[in-house]
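The values are calculated or read from the model by the stated rules, or taken from the named source; none is laboratory data. Just so we're clear, the structure is a prediction, and the values are computed from it rather than from any experiment. Reconstructed Cβ throughout: ideal geometry from the backbone, glycine too, with neighbour counts over all protein chains shown. Just so you know, the surface numbers come from the protein's heavy atoms only, side chains and all, with ligands and any DNA or RNA stripped out. Shrake-Rupley method; radii C 1.70, N 1.55, O 1.52, S 1.80 Å.
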Amino acid sequence: MSGVRCPVPGGTPDPRRLIPYLALFVAISCHGTPKAPAVITPVPVTGPRVVLPSGAVYTVEIVRTPEEQTQGLMFRESLPQRAGMLFLFRDASPHRFWMKNTMIPLDIVWLDDSGRVLFVSADTPPCRAEPCPSYGPDVPAPIVLEIAGGMAAKEKVTVGSRISFEEVPK
């Protein structure tokens, strides 16, 4: 190769010095030119939601009618992350819940009108056979929140703590 100068003294390049260039060549030829990582913009949470004592915001389905209250989260095999169901009762009497036909464990949280936690049934198990036990306090609770089992403790939901409501119709 006359006229081509080799920058390596002695004229023969050390093949080990070519490995980083070979790796870069393979990466570019297989995957294209490296791109900057995409910027992920959080999607704003809209609709009815609750803010738990930890500050976590959960979207909630609102349950008002007796039919919706009876159905609850029955037959659902999963619950989206940071999602739940909010039961709004017309009266402030004690409201007990059961887990018949519920497929996943739930944390069930009973609240007063101001959002103060009155009672927590943590990791309430699905009912596999009748008779199914019922859960809840024997005190009036016009609001009940259901979230995925284990999340109440993680989100610092305890008796006496407060949960606030955003865009929840009265």
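Given V60, V45, which one is modelled with pLDDT of 85 or more and either farther than 16 Å from L111 by Cβ or not in a helix (DSSP H, G or I) (or both)? Full working, then the answer.
Details: V45 fails: modelled with pLDDT of 85 or more.
The unique qualifying residue is V60.
Can you tell me which residue in segment 123-145 is farthest from P66 (Cα to Cα), limited to those that are small (G, A, S) and buried (at least 16 other Cβ atoms within 10 Å of the Cβ)?
So the first thing to find is which residues in segment 123-145 are small (G, A, S), and the list is 129, 134, 136, 141.
Filter again for buried (at least 16 other Cβ atoms within 10 Å of the Cβ), leaving 136, 141.
Details: G136: 18, A141: 16 Å.
So, considering only residues that are small (G, A, S) and buried (at least 16 other Cβ atoms within 10 Å of the Cβ), the one farthest from P66 (Cα to Cα) is G136.
How many of the residues in segment 77-101 are within 16 Å of G136 (Cα to Cα) and open to solvent by 10 Å² or more (accessible area, probe 1.4 Å)?
The total comes to 11.
Among the strands (runs of 3 or more DSSP E) contained in segment 78-126, which hold 3 or more residues that are at pLDDT 90 or above and under 24 Å from G47 (Cβ atoms)?
Values: elements: 83-88, 106-111, 117-124.
The strands (runs of 3 or more DSSP E) meeting that bar are 83-88, 106-111.
Scan segment 102-116 and give yes if some residue there is open to solvent by 30 Å² or more (accessible area, probe 1.4 Å) and farther than 17 Å from F165 by Cα, otherwise no.
yes
Within segment 146-170, track down each residue that is open to solvent by 60 Å² or more (accessible area, probe 1.4 Å) and under 22 Å from the mean Cα position of the chain (by Cα). It would help to see each step written out before you state the result.
The initial filter retains those residues of segment 146-170 that are open to solvent by 60 Å² or more (accessible area, probe 1.4 Å), namely 153-154, 156, 158-159, 162, 165-167, 169-170.
Result: A153, K154, K156, T158, V159, R162, F165, E166, E167.
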